[in-house]
């Protein structure tokens, strides 16, 4: 685990991936507020709550069915998907018209599915084989903790203001944080799944492996 932490700290791409994941999850998880929003914002009961929960899943299903293009994508597509998530949730917090709200939640679910697909693929793509398990464990910790923190954060914001304000503020924070992370980590924007990893530690490890595997006769020549 210590090796994985050291690798993450010295690797701009992986740090950027972790931070953009935090930007997408913390303050932008409105599920805890669906019952309140269904009552106060849309004037409905349990049926409306069920629709609010189902809409992102529908968007994610559409995203999964059309995700073949992500194999040729990279950092710019990831940033765009996270921005789609944040902007869609901002719009969801603003509207009081249920069909529009459901459509925006479906868009948010699509953006979340695409961003999660790209984040996971880029993480695997940029991590050396010998550290992949340890780095993946760090990723799983964040993937578990960040949504829980997000639900707690929007709940706390809703206590301070209103549920609608909490959702809108969370979406805007996500957008701003995503733009900041994208600007601060050029390696995140430049990376692509269709090209070889630009990871320096990985290149060094590959070079050492090649030297070790080279026949003695070749080295003498």
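The values are calculated or read from the model by the stated rules, or taken from the named source; none is laboratory data. Note that the coordinates shown come from a computational prediction; the quantities given were computed from them, not determined experimentally. Cβ atoms come from the backbone with ideal geometry, glycine included; neighbour counts cover every protein chain shown.
Take the residues in region 20-52 that are in contact (Cβ under 8 Å) with a residue 24 or more places away in the chain and assigned to a loop (DSSP other than H, G, I, E, B), then tell me which one is surrounded by the most Cβ atoms within 10 Å (Cβ to Cβ). It would help to see each step written out before you state the result.
Pass one, region 20-52, residues in contact (Cβ under 8 Å) with a residue 24 or more places away in the chain: 20-33, 36-37, 40-42, 44, 48, 51-52.
Cutting the leftovers down to assigned to a loop (DSSP other than H, G, I, E, B) gives us 26-29, 41-42, 44.
Numbers: 26: 22, 27: 28, 28: 30, 29: 23, 41: 23, 42: 19, 44: 15.
Among those that are in contact (Cβ under 8 Å) with a residue 24 or more places away in the chain and assigned to a loop (DSSP other than H, G, I, E, B), it is 28.
Conditions (1) assigned to a helix (DSSP H, G or I); (2) over 18 Å from the mean Cα position of the chain (by Cα); (3) under 25 Å from residue 75 (Cα atoms); (4) touching a residue at least 12 places away in the same chain (Cβ under 8 Å), marked per residue:
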site: 101; (1), (2), (3), (4): yes, yes, no, yes
site: 112; (1), (2), (3), (4): yes, no, yes, yes
site: 117; (1), (2), (3), (4): yes, no, yes, yes
site: 131; (1), (2), (3), (4): yes, yes, yes, yes
site: 144; (1), (2), (3), (4): yes, no, yes, no
site: 147; (1), (2), (3), (4): yes, no, yes, yes
site: 156; (1), (2), (3), (4): yes, yes, no, no
site: 171; (1), (2), (3), (4): yes, no, yes, yes
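Based on what the data block shows, is residue 74 over 30 Å from residue 45 (Cβ atoms), under 15 Å from the mean Cα position of the chain (by Cα) and surrounded by fewer than 20 Cβ atoms within 10 Å (Cβ to Cβ)?
no
Does region 113-120 include one or more residues that are modelled with pLDDT of 90 or more and more than 25 Å from residue 15 (Cα to Cα)?
no
Among the residues of region 53-71 satisfying the criterion of being farther than 24 Å from residue 101 by Cα and touching a residue at least 24 places away in the same chain (Cβ under 8 Å), which is farthest from the chain's Cα centre (by Cα)? Show your work before the answer.
First, the residues of region 53-71 that are farther than 24 Å from residue 101 by Cα: 68-71.
Narrowing further to those that are touching a residue at least 24 places away in the same chain (Cβ under 8 Å): 70-71.
Working: 70: 14, 71: 16 Å.
Filtering first and then ranking leaves 71.
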